[in-house]
Amino acid sequence: MEAYQEGNIDEELRPDADEMRAAASDVLIPRADINNLGDRESPQASDEAEEPQQAESLDSETLSHAELKKFFQEALCQLLKKDPILNDLHPQVTLEEVNALIELEHGRAMKVYIEKADGGFWCVVVPREATVHDLKKALKNHVALMLNRKGVKKKINWKYIWKTYWLCYEGEKLADDRKKLLEIGVKNKCSLTFIKRLRERNKSGRKVR
């Protein structure tokens, strides 16, 4: 008897199917409204998604350019090292350096070593028919290029240097800028030094360098 009564109570408390559908219709959002809501939010979401993609594409282009530049320099460096003629060239070689080395290989130019104050040497390539003036100009360009490659922002006052020092070869001063190096005896792989100019007295008694 008790079981039968409990079953009747459950049947009486169980909600009707029509009532459940009516209650659900009150809280459910129509599908059309959900689609419209999604359409309204999609432009903002797409804009936000495009910005990171654009940033990533820009970063990838920058990195790819840097990597390509690095790869090219490394490849060029390897080629220069393997070449018996161009192995002395810097990876950031200039056209002038290439032409000078080619002229040197064909015997139309010569290397001249100029001793520095620290005991090292500058190696300058000049034509065989070069004058003292040509050598000074080549030395100026060579030093400027070396400093630039090392990132040194320093300018040398060459007017002061030539007023204070002579270039000298085996005790002979290169005093005449118009004189050819071959006439002085300067040949391929010769070494020059700097010597300080001494004050000399002219005919009027004034001291001059």
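The values are calculated or read from the model by the stated rules, or taken from the named source; none is laboratory data. Please read all numbers here as calculations on a predicted model, not as lab measurements. Positions of Cβ are generated from backbone atoms using ideal geometry, with glycine treated the same way; all protein chains shown enter the neighbour counts. Surface areas here come from the heavy atoms of the whole protein model, side chains and all, with no ligands, DNA or RNA. Shrake-Rupley method; radii C 1.70, N 1.55, O 1.52, S 1.80 Å.
Read through the list (1) open to solvent by less than 40 Å² (accessible area, probe 1.4 Å); (2) over 16 Å from GLU96 (Cα atoms), then give the number of the only condition that ALA117 fails.
The single condition ALA117 does not satisfy is (1).
Do the conditions hold for GLY151, that is, is it open to solvent by less than 100 Å² (accessible area, probe 1.4 Å) and either under 20 Å from SER191 (Cα atoms) or of a type in the set (Val, Ile, Thr) (or both)?
Against the criterion (open to solvent by less than 100 Å² (accessible area, probe 1.4 Å) and either under 20 Å from SER191 (Cα atoms) or of a type in the set (Val, Ile, Thr) (or both)), GLY151 does not qualify.
Here's the yes/no breakdown for (1) open to solvent by less than 60 Å² (accessible area, probe 1.4 Å); (2) closer than 26 Å to HIS90 by Cα; (3) without any contact (Cβ under 8 Å) to a residue 12 or more places away in the chain:
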{"site": "VAL124", "(1), (2), (3)": "yes, yes, no"}
{"site": "HIS142", "(1), (2), (3)": "yes, yes, no"}
{"site": "GLY185", "(1), (2), (3)": "yes, no, no"}
{"site": "LYS196", "(1), (2), (3)": "no, no, no"}
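Per-residue answers, yes or no, for (1) modelled with pLDDT of 95 or more; (2) under 27 Å from LEU104 (Cβ atoms); (3) part of a loop (DSSP other than H, G, I, E, B):
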site	(1), (2), (3)
LYS136	yes, yes, no
LEU145	no, yes, no
VAL152	no, yes, yes
TRP166	yes, yes, no
ARG178	yes, yes, yes
VAL186	yes, yes, yes
LEU198	no, no, yes
GLY205	no, no, yes
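List every residue pair whose Cβ atoms sit under 8 Å apart, with the two residues 6 or more apart in sequence or on different chains, where the first one lies in segment 95-109 and is open to solvent by 70 Å² or more (accessible area, probe 1.4 Å) and the second, anywhere, is outside any helix (DSSP H, G or I) and not hydrophobic (A, V, I, L, M, F, W, C).
If the second residue must be outside any helix (DSSP H, G or I) and not hydrophobic (A, V, I, L, M, F, W, C), the pairs left are ARG108/PRO127; ARG108/ARG128.
Failed condition for TYR160, given (1) assigned to a helix (DSSP H, G or I); (2) under 28 Å from the mean Cα position of the chain (by Cα), with all others met?
(2)
Would you say ASP83 is at pLDDT below 70 and of a type outside the set (Val, Ile, Thr)?
Working: at pLDDT below 70: no; of a type outside the set (Val, Ile, Thr): yes.
When the stated conditions are applied, ASP83 does not pass them.
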